[in-house]
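Notes for the one structure printed next.
The values are calculated or read from the model by the stated rules, or taken from the named source; none is laboratory data. Because the structure is a prediction, the values reported are computed rather than measured. Reconstructed Cβ throughout: ideal geometry from the backbone, glycine too, with neighbour counts over all protein chains shown. These area figures cover heavy atoms from the full protein model, side chains too; ligands, DNA and RNA do not enter into them. Shrake-Rupley method; radii C 1.70, N 1.55, O 1.52, S 1.80 Å.
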Amino acid sequence: AVDSVPLKSTFDVKTFPIQNGKAKTLEELADKWDHGFKFAPIRESQVSRAMTRRYFKDLDTYAESDIVIVGAGSCGLSTAYQLGKARPDLKIAIIEASVSPGGGAWLGGQLFSAMVMRKPADAFLTDLGVPFEDEGDFVVVKHAALFTSTLLSKVLSFPNIKLFNATAVEDLITRPSGPDGQVRIAGVVTNWTLVTMHHDDQSCMDPNTINAPLVISTTGHDGPFGAFSVKRLVSMQQIEKLGGMRGLDMNTAEDAIVIRTREVVPGLIVGGMELSEVDGANRMGPTFGAMALSGVKAAEEALKVFEE
Ligand code: AHZ
(Lines give C-alpha, C1' and ligand atoms only; values in the text may rest on other atoms or scores of the structure.)
Protein backbone atom coordinates (compact mmCIF):
# COMPACT_ATOMS: atom_id res chain seq x y z
CA ALA A 1 0.00 0.00 0.00
CA VAL A 2 1.10 3.55 -0.70
CA ASP A 3 0.88 4.38 3.04
CA SER A 4 3.61 1.92 3.87
CA VAL A 5 6.11 3.51 1.48
CA PRO A 6 8.57 5.52 3.59
CA LEU A 7 8.40 9.21 2.64
CA LYS A 8 11.98 9.92 3.45
CA SER A 9 14.63 7.66 2.11
CA THR A 10 17.53 6.76 4.31
CA PHE A 11 19.49 5.72 1.30
CA ASP A 12 22.54 7.61 0.13
CA VAL A 13 21.61 8.81 -3.35
CA LYS A 14 25.24 9.39 -4.19
CA THR A 15 25.83 5.66 -4.32
CA PHE A 16 22.41 4.38 -5.41
CA PRO A 17 21.10 3.70 -8.02
CA ILE A 18 23.80 5.51 -9.98
CA GLN A 19 27.33 4.72 -8.89
CA ASN A 20 30.28 6.49 -10.46
CA GLY A 21 28.00 7.68 -13.23
CA LYS A 22 27.07 4.13 -14.19
CA ALA A 23 23.55 2.75 -13.68
CA LYS A 24 23.24 -0.40 -11.65
CA THR A 25 21.85 -3.44 -13.41
CA LEU A 26 18.22 -4.42 -12.84
CA GLU A 27 19.43 -7.54 -11.03
CA GLU A 28 21.35 -5.36 -8.58
CA LEU A 29 18.24 -3.22 -8.06
CA ALA A 30 15.93 -6.15 -7.46
CA ASP A 31 16.47 -6.58 -3.73
CA LYS A 32 16.49 -2.83 -2.97
CA TRP A 33 12.80 -1.84 -3.26
CA ASP A 34 12.20 -2.08 0.48
CA HIS A 35 15.58 -0.71 1.49
CA GLY A 36 15.63 2.99 0.77
CA PHE A 37 14.96 2.94 -2.96
CA LYS A 38 15.36 6.38 -4.48
CA PHE A 39 15.71 7.91 -7.93
CA ALA A 40 18.60 10.23 -8.67
CA PRO A 41 17.50 13.79 -7.84
CA ILE A 42 16.19 16.24 -10.46
CA ARG A 43 14.89 19.78 -10.67
CA GLU A 44 11.74 20.25 -12.78
CA SER A 45 13.36 22.83 -15.03
CA GLN A 46 16.03 20.29 -15.95
CA VAL A 47 13.33 18.12 -17.51
CA SER A 48 11.91 21.07 -19.45
CA ARG A 49 15.33 22.11 -20.65
CA ALA A 50 16.37 18.55 -21.58
CA MET A 51 13.36 18.35 -23.91
CA THR A 52 13.05 21.88 -25.29
CA ARG A 53 16.76 22.39 -25.89
CA ARG A 54 16.86 19.28 -28.08
CA TYR A 55 13.62 20.07 -29.87
CA PHE A 56 14.63 23.59 -30.79
CA LYS A 57 18.12 22.44 -31.79
CA ASP A 58 16.44 19.87 -34.06
CA LEU A 59 14.16 22.56 -35.54
CA ASP A 60 17.27 24.59 -36.26
CA THR A 61 19.28 21.64 -37.63
CA TYR A 62 16.51 20.31 -39.88
CA ALA A 63 15.32 23.72 -41.18
CA GLU A 64 17.72 22.85 -44.01
CA SER A 65 17.30 19.14 -44.72
CA ASP A 66 18.40 16.91 -47.57
CA ILE A 67 15.15 14.98 -47.67
CA VAL A 68 11.74 15.54 -46.10
CA ILE A 69 9.45 12.51 -45.85
CA VAL A 70 5.81 13.53 -45.39
CA GLY A 71 3.82 10.88 -43.50
CA ALA A 72 5.17 8.18 -41.19
CA GLY A 73 2.92 5.33 -42.32
CA SER A 74 4.20 1.95 -43.50
CA CYS A 75 5.47 3.43 -46.78
CA GLY A 76 7.10 6.54 -45.30
CA LEU A 77 8.83 4.55 -42.56
CA SER A 78 10.04 1.92 -45.06
CA THR A 79 11.47 4.72 -47.19
CA ALA A 80 13.21 6.23 -44.16
CA TYR A 81 14.66 2.84 -43.14
CA GLN A 82 16.20 2.28 -46.58
CA LEU A 83 17.59 5.81 -46.75
CA GLY A 84 18.93 5.65 -43.20
CA LYS A 85 20.86 2.48 -44.02
CA ALA A 86 22.18 3.74 -47.35
CA ARG A 87 23.08 7.35 -46.55
CA PRO A 88 24.05 8.20 -42.96
CA ASP A 89 25.40 11.49 -44.34
CA LEU A 90 21.97 12.82 -45.41
CA LYS A 91 19.80 14.88 -43.09
CA ILE A 92 16.29 13.39 -43.21
CA ALA A 93 13.23 14.91 -41.53
CA ILE A 94 10.00 12.92 -41.23
CA ILE A 95 6.85 15.00 -40.72
CA GLU A 96 3.87 13.14 -39.30
CA ALA A 97 0.52 14.83 -38.65
CA SER A 98 -0.62 12.37 -35.99
CA VAL A 99 0.75 12.12 -32.48
CA SER A 100 1.36 8.42 -33.13
CA PRO A 101 3.55 7.52 -36.09
CA GLY A 102 2.77 4.32 -38.04
CA GLY A 103 -0.27 5.33 -40.10
CA GLY A 104 -2.73 2.55 -40.84
CA ALA A 105 -0.32 -0.32 -40.18
CA TRP A 106 -0.80 -0.87 -36.45
CA LEU A 107 -3.35 -3.61 -37.20
CA GLY A 108 -3.99 -6.01 -40.07
CA GLY A 109 -7.34 -5.77 -41.84
CA GLN A 110 -10.71 -5.38 -40.11
CA LEU A 111 -9.01 -4.75 -36.72
CA PHE A 112 -7.53 -8.28 -36.82
CA SER A 113 -3.98 -8.43 -35.50
CA ALA A 114 -1.95 -10.29 -38.11
CA MET A 115 -0.26 -8.57 -41.06
CA VAL A 116 -0.12 -10.18 -44.50
CA MET A 117 2.67 -9.44 -46.99
CA ARG A 118 2.82 -11.00 -50.41
CA LYS A 119 6.13 -12.26 -51.71
CA PRO A 120 8.66 -10.93 -52.58
CA ALA A 121 8.08 -8.35 -49.78
CA ASP A 122 9.23 -11.02 -47.28
CA ALA A 123 12.75 -9.85 -48.22
CA PHE A 124 12.01 -6.56 -46.45
CA LEU A 125 10.88 -8.37 -43.29
CA THR A 126 14.01 -10.53 -43.33
CA ASP A 127 16.21 -7.45 -43.70
CA LEU A 128 14.35 -5.79 -40.83
CA GLY A 129 14.56 -8.90 -38.62
CA VAL A 130 10.78 -9.33 -38.23
CA PRO A 131 9.77 -13.02 -37.98
CA PHE A 132 6.93 -14.38 -40.11
CA GLU A 133 5.09 -17.58 -41.02
CA ASP A 134 5.51 -18.71 -44.61
CA GLU A 135 2.20 -19.53 -46.30
CA GLY A 136 3.61 -20.13 -49.79
CA ASP A 137 2.89 -17.06 -51.92
CA PHE A 138 2.55 -14.79 -48.92
CA VAL A 139 3.86 -14.48 -45.37
CA VAL A 140 2.13 -13.52 -42.11
CA VAL A 141 3.59 -11.45 -39.25
CA LYS A 142 1.87 -12.47 -36.00
CA HIS A 143 0.93 -8.87 -35.15
CA ALA A 144 1.07 -5.83 -37.42
CA ALA A 145 2.32 -3.82 -34.45
CA LEU A 146 5.44 -6.01 -34.38
CA PHE A 147 6.22 -4.82 -37.91
CA THR A 148 5.45 -1.16 -37.22
CA SER A 149 7.23 -0.98 -33.88
CA THR A 150 10.36 -2.74 -35.17
CA LEU A 151 10.49 -0.49 -38.24
CA LEU A 152 9.91 2.59 -36.13
CA SER A 153 12.58 1.66 -33.59
CA LYS A 154 15.17 1.13 -36.34
CA VAL A 155 14.25 4.39 -38.11
CA LEU A 156 14.40 6.39 -34.88
CA SER A 157 17.81 4.89 -34.05
CA PHE A 158 19.46 6.46 -37.11
CA PRO A 159 21.27 9.59 -35.87
CA ASN A 160 20.60 11.43 -39.14
CA ILE A 161 16.80 11.00 -39.06
CA LYS A 162 14.45 13.16 -37.00
CA LEU A 163 10.73 12.48 -36.66
CA PHE A 164 8.59 15.55 -36.02
CA ASN A 165 5.25 14.05 -35.04
CA ALA A 166 2.08 15.98 -34.20
CA THR A 167 3.25 18.22 -37.05
CA ALA A 168 1.34 18.63 -40.31
CA VAL A 169 2.64 19.63 -43.70
CA GLU A 170 0.36 22.51 -44.67
CA ASP A 171 1.89 23.44 -47.99
CA LEU A 172 4.79 22.84 -50.34
CA ILE A 173 7.63 25.30 -51.00
CA THR A 174 8.18 25.84 -54.73
CA ARG A 175 10.69 27.43 -57.10
CA PRO A 176 10.07 28.33 -60.75
CA SER A 177 11.49 25.65 -63.04
CA GLY A 178 9.94 26.10 -66.49
CA PRO A 179 8.51 28.66 -68.92
CA ASP A 180 4.85 27.73 -68.39
CA GLY A 181 4.59 28.15 -64.66
CA GLN A 182 6.15 24.78 -63.86
CA VAL A 183 7.78 24.55 -60.47
CA ARG A 184 10.10 22.29 -58.62
CA ILE A 185 9.37 21.39 -55.01
CA ALA A 186 11.93 22.87 -52.65
CA GLY A 187 10.64 21.99 -49.18
CA VAL A 188 7.55 22.00 -46.97
CA VAL A 189 5.51 24.38 -44.88
CA THR A 190 4.67 22.89 -41.48
CA ASN A 191 2.66 23.62 -38.39
CA TRP A 192 1.85 21.75 -35.22
CA THR A 193 -1.22 19.69 -36.14
CA LEU A 194 -3.32 21.22 -33.37
CA VAL A 195 -2.62 24.63 -34.89
CA THR A 196 -3.37 23.38 -38.41
CA MET A 197 -6.76 22.19 -37.16
CA HIS A 198 -7.67 25.64 -35.88
CA HIS A 199 -6.97 27.94 -38.81
CA ASP A 200 -10.72 28.45 -39.26
CA ASP A 201 -11.45 29.62 -35.72
CA GLN A 202 -8.21 31.30 -34.62
CA SER A 203 -6.48 34.06 -36.52
CA CYS A 204 -2.93 34.36 -37.75
CA MET A 205 -0.96 31.35 -36.66
CA ASP A 206 1.93 31.43 -39.06
CA PRO A 207 3.69 28.27 -40.11
CA ASN A 208 7.24 27.02 -40.04
CA THR A 209 9.28 25.86 -43.01
CA ILE A 210 11.84 23.24 -43.97
CA ASN A 211 13.92 23.73 -47.11
CA ALA A 212 14.99 20.54 -48.87
CA PRO A 213 15.96 19.69 -52.44
CA LEU A 214 13.79 16.57 -52.26
CA VAL A 215 10.42 15.81 -50.67
CA ILE A 216 8.99 12.29 -50.54
CA SER A 217 5.26 12.30 -49.95
CA THR A 218 3.59 9.19 -48.52
CA THR A 219 0.43 10.60 -46.95
CA GLY A 220 -1.91 7.73 -47.88
CA HIS A 221 -5.11 7.83 -49.91
CA ASP A 222 -7.64 10.64 -49.70
CA GLY A 223 -9.36 11.09 -46.37
CA PRO A 224 -9.28 13.60 -43.51
CA PHE A 225 -5.51 13.95 -43.90
CA GLY A 226 -4.47 11.81 -46.88
CA ALA A 227 -3.20 12.51 -50.40
CA PHE A 228 -2.03 15.89 -49.20
CA SER A 229 0.77 16.70 -51.65
CA VAL A 230 -0.91 15.43 -54.80
CA LYS A 231 -4.11 17.38 -54.05
CA ARG A 232 -1.92 20.46 -53.65
CA LEU A 233 -0.25 19.73 -56.99
CA VAL A 234 -3.67 19.97 -58.63
CA SER A 235 -4.56 23.29 -56.98
CA MET A 236 -1.10 24.60 -57.92
CA GLN A 237 -1.82 23.51 -61.52
CA GLN A 238 1.21 21.23 -61.67
CA ILE A 239 -0.91 18.22 -62.58
CA GLU A 240 -4.26 18.57 -64.30
CA LYS A 241 -6.38 16.31 -62.13
CA LEU A 242 -6.21 13.28 -59.91
CA GLY A 243 -7.05 9.85 -61.27
CA GLY A 244 -8.86 8.94 -58.04
CA MET A 245 -8.25 5.71 -56.14
CA ARG A 246 -10.12 2.78 -57.71
CA GLY A 247 -11.81 -0.18 -56.04
CA LEU A 248 -10.07 -3.06 -54.35
CA ASP A 249 -8.05 -5.49 -56.44
CA MET A 250 -5.10 -6.87 -54.52
CA ASN A 251 -3.26 -8.34 -57.51
CA THR A 252 -3.48 -5.24 -59.69
CA ALA A 253 -3.03 -2.71 -56.92
CA GLU A 254 0.19 -3.91 -55.29
CA ASP A 255 2.19 -4.23 -58.52
CA ALA A 256 0.93 -0.84 -59.74
CA ILE A 257 1.86 1.05 -56.58
CA VAL A 258 5.42 -0.28 -56.53
CA ILE A 259 6.04 0.16 -60.26
CA ARG A 260 4.58 3.71 -60.31
CA THR A 261 6.54 4.99 -57.31
CA ARG A 262 8.38 7.91 -58.87
CA GLU A 263 9.21 11.62 -58.99
CA VAL A 264 5.79 13.02 -59.98
CA VAL A 265 6.98 16.60 -60.36
CA PRO A 266 10.61 17.73 -59.98
CA GLY A 267 11.64 17.50 -56.34
CA LEU A 268 8.60 15.45 -55.25
CA ILE A 269 8.63 11.65 -55.12
CA VAL A 270 5.28 10.06 -54.27
CA GLY A 271 4.94 6.59 -52.73
CA GLY A 272 2.39 4.32 -51.05
CA MET A 273 -1.36 4.84 -51.32
CA GLU A 274 -1.05 8.56 -52.11
CA LEU A 275 0.05 7.37 -55.53
CA SER A 276 -3.27 5.58 -56.14
CA GLU A 277 -4.93 9.02 -56.12
CA VAL A 278 -2.56 10.39 -58.78
CA ASP A 279 -2.81 7.52 -61.21
CA GLY A 280 -6.24 6.10 -60.52
CA ALA A 281 -4.74 2.84 -59.23
CA ASN A 282 -6.71 0.24 -57.30
CA ARG A 283 -6.51 -0.18 -53.56
CA MET A 284 -5.22 -3.43 -52.10
CA GLY A 285 -6.88 -3.52 -48.69
CA PRO A 286 -5.02 -5.16 -45.81
CA THR A 287 -1.92 -6.50 -47.51
CA PHE A 288 1.20 -4.45 -46.92
CA GLY A 289 3.94 -5.75 -49.25
CA ALA A 290 3.44 -2.89 -51.68
CA MET A 291 3.87 -0.31 -48.92
CA ALA A 292 7.24 -1.78 -47.90
CA LEU A 293 8.49 -2.15 -51.48
CA SER A 294 7.13 1.23 -52.60
CA GLY A 295 9.26 2.57 -49.74
CA VAL A 296 12.29 0.70 -51.08
CA LYS A 297 11.63 2.08 -54.58
CA ALA A 298 11.07 5.63 -53.29
CA ALA A 299 14.42 5.44 -51.50
CA GLU A 300 16.11 4.21 -54.69
CA GLU A 301 14.60 7.07 -56.67
CA ALA A 302 15.79 9.50 -54.00
CA LEU A 303 19.31 8.08 -54.03
CA LYS A 304 19.47 8.64 -57.80
CA VAL A 305 18.84 12.35 -57.18
CA PHE A 306 21.72 12.53 -54.70
CA GLU A 307 24.05 10.55 -56.95
CA GLU A 308 23.44 12.89 -59.89
O1 AHZ B 1 -1.24 10.85 -40.47
C2 AHZ B 1 -0.99 10.36 -41.77
C3 AHZ B 1 -0.45 8.92 -41.77
O4 AHZ B 1 0.27 8.60 -40.59
C5 AHZ B 1 0.17 11.10 -42.43
N6 AHZ B 1 -0.21 12.38 -43.07
C7 AHZ B 1 -1.24 12.60 -43.91
N8 AHZ B 1 -1.28 13.88 -44.31
C9 AHZ B 1 -0.25 14.51 -43.72
C10 AHZ B 1 0.26 15.84 -43.73
N11 AHZ B 1 1.35 16.11 -42.98
C12 AHZ B 1 1.97 15.14 -42.26
N13 AHZ B 1 -0.31 16.81 -44.45
C14 AHZ B 1 0.44 13.54 -42.93
N15 AHZ B 1 1.53 13.86 -42.22
O16 AHZ B 1 0.62 10.22 -43.45
C17 AHZ B 1 0.52 8.89 -42.96
C18 AHZ B 1 0.03 8.01 -44.10
O19 AHZ B 1 0.07 6.69 -43.67
P20 AHZ B 1 -0.93 5.58 -44.25
O21 AHZ B 1 -0.69 4.33 -43.50
O22 AHZ B 1 -2.30 6.13 -44.33
O23 AHZ B 1 -0.42 5.47 -45.80
P24 AHZ B 1 0.58 4.43 -46.51
O25 AHZ B 1 0.52 4.76 -47.97
O26 AHZ B 1 1.94 4.40 -45.85
O27 AHZ B 1 -0.10 3.03 -46.23
C28 AHZ B 1 -1.36 2.76 -46.75
C29 AHZ B 1 -1.87 1.48 -46.16
C30 AHZ B 1 -3.02 0.93 -46.93
S31 AHZ B 1 -4.44 1.78 -47.22
C32 AHZ B 1 -5.10 0.47 -48.07
C33 AHZ B 1 -6.46 0.53 -48.67
O34 AHZ B 1 -7.20 1.49 -48.34
O35 AHZ B 1 -6.79 -0.37 -49.44
N36 AHZ B 1 -4.28 -0.57 -48.11
C37 AHZ B 1 -3.12 -0.34 -47.48
C38 AHZ B 1 -2.04 -1.37 -47.37
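Tell me the residue from 201, 137, 127 that is in contact with a strand residue (DSSP E or B) (Cβ under 9 Å, 6 or more places away or on another chain) and surrounded by fewer than 20 Cβ atoms within 10 Å (Cβ to Cβ), please.
Selected residue: 137, the only one of 201, 137, 127 that is in contact with a strand residue (DSSP E or B) (Cβ under 9 Å, 6 or more places away or on another chain) and surrounded by fewer than 20 Cβ atoms within 10 Å (Cβ to Cβ).
Being among the aliphatic types (A, V, I, L, M), in contact with a strand residue (DSSP E or B) (Cβ under 8 Å, 6 or more places away or on another chain) and more than 6 Å from the ligand (Cβ to nearest atom) is the filter here; which residues of the stretch 78-106 pass it?
Residues satisfying the conditions are 80, 83, 90, 92, 93, 94, 99.
I need the full set of residues from the stretch 251-267 which are assigned to a loop (DSSP other than H, G, I, E, B) and away from the ligand (no atom under 12 Å from the Cβ), in order please.
266, 267
Which of (1) surrounded by fewer than 17 Cβ atoms within 10 Å (Cβ to Cβ); (2) more than 21 Å from the chain's Cα centre (by Cα); (3) not small (Gly, Ala, Ser) is the odd one out, the single condition residue 118 does not satisfy?
Going through the list (1) surrounded by fewer than 17 Cβ atoms within 10 Å (Cβ to Cβ); (2) more than 21 Å from the chain's Cα centre (by Cα); (3) not small (Gly, Ala, Ser), residue 118 breaks only (1).
Quick one: would you say residue 158 is touching a residue at least 40 places away in the same chain (Cβ under 8 Å) and surrounded by fewer than 20 Cβ atoms within 10 Å (Cβ to Cβ)?
yes
Could you list, ordered by first residue, the pairs with Cβ atoms under 9 Å in which the first is in the stretch 70-85 and in contact (Cβ under 8 Å) with a residue 60 or more places away in the chain and assigned to a helix (DSSP H, G or I) and the second is within 8 Å of the ligand (Cβ to nearest atom) and acidic (Asp, Glu), at least 6 apart or interchain?
The qualifying pairs are 75/274; 76/96.
One line per residue, one yes/no per condition, for (1) within 14 Å of the ligand (Cβ to nearest atom); (2) touching a helix residue (DSSP H, G or I) at 6+ places or on another chain (Cβ under 8 Å):
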{"position": "216", "(1), (2)": "yes, yes"}
{"position": "220", "(1), (2)": "yes, yes"}
{"position": "226", "(1), (2)": "yes, yes"}
{"position": "232", "(1), (2)": "yes, no"}
{"position": "239", "(1), (2)": "no, yes"}
{"position": "242", "(1), (2)": "no, yes"}
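Quick one: residue 240 ticks every box in (1) surrounded by fewer than 15 Cβ atoms within 10 Å (Cβ to Cβ); (2) closer than 16 Å to residue 168 by Cβ; (3) among the charged types (D, E, K, R) bar one, so which box is it?
Checking residue 240 against (1) surrounded by fewer than 15 Cβ atoms within 10 Å (Cβ to Cβ); (2) closer than 16 Å to residue 168 by Cβ; (3) among the charged types (D, E, K, R), the one that fails is (2).
Go through (1) more than 19 Å from residue 78 (Cα to Cα); (2) within 9 Å of the ligand (Cβ to nearest atom); (3) among the small types (Gly, Ala, Ser) one by one and return the number of the condition residue 285 breaks.
(1)
Working only within the stretch 107-132, note down all residues that are of a type in the set (D, E, K, R) and within 15 Å of the ligand (Cβ to nearest atom).
Within the stretch 107-132, 118 is the sole residue that qualifies.
Of (1) within 16 Å of residue 154 (Cα to Cα); (2) among the polar types (S, T, N, Q); (3) surrounded by fewer than 24 Cβ atoms within 10 Å (Cβ to Cβ), residue 113 satisfies all except one. Which?
(1)
Are there any pairs with C-beta distances below 8 angstrom linking a residue in the stretch 111-136 that is at positive phi to a residue that is crowded, with 19+ Cβ neighbours inside 10 Å and modelled with pLDDT under 95, with the two at least 6 apart or on different chains, and if so which?
The qualifying pairs do not exist here.
Give the stretch 88-106 a look and list any residue that's over 18 Å from residue 215 (Cβ atoms) and open to solvent by 60 Å² or more (accessible area, probe 1.4 Å), or say none.
88, 89, 99, 100, 104, 106
Please enumerate the residues belonging to the stretch 67-77 that are out of contact with any Phe, Trp or Tyr (no Cβ under 6 Å at 6 or more places or on another chain) and either over 23 Å from residue 196 (Cα atoms) or within 11 Å of the ligand (Cβ to nearest atom) (or both).
68, 69, 70, 71, 72, 73, 75, 76, 77
If a residue must be on the phi > 0 side of the Ramachandran plot and more than 16 Å from the ligand (Cβ to nearest atom), how many such residues does the stretch 176-199 contain?
The number of residues fulfilling the criteria is 1.
Based on what the data block shows, is residue 194 aliphatic (A, V, I, L, M) and either more than 17 Å from the chain's Cα centre (by Cα) or in a loop (DSSP other than H, G, I, E, B) (or both)?
So residue 194 fits the description; yes.
Here's a check for you: in the stretch 144-173, which residue that is in contact with a strand residue (DSSP E or B) (Cβ under 7 Å, 6 or more places away or on another chain) and part of a loop (DSSP other than H, G, I, E, B) is nearest to the ligand (Cβ to nearest atom)?
For the stretch 144-173, the residue satisfying everything is 166.
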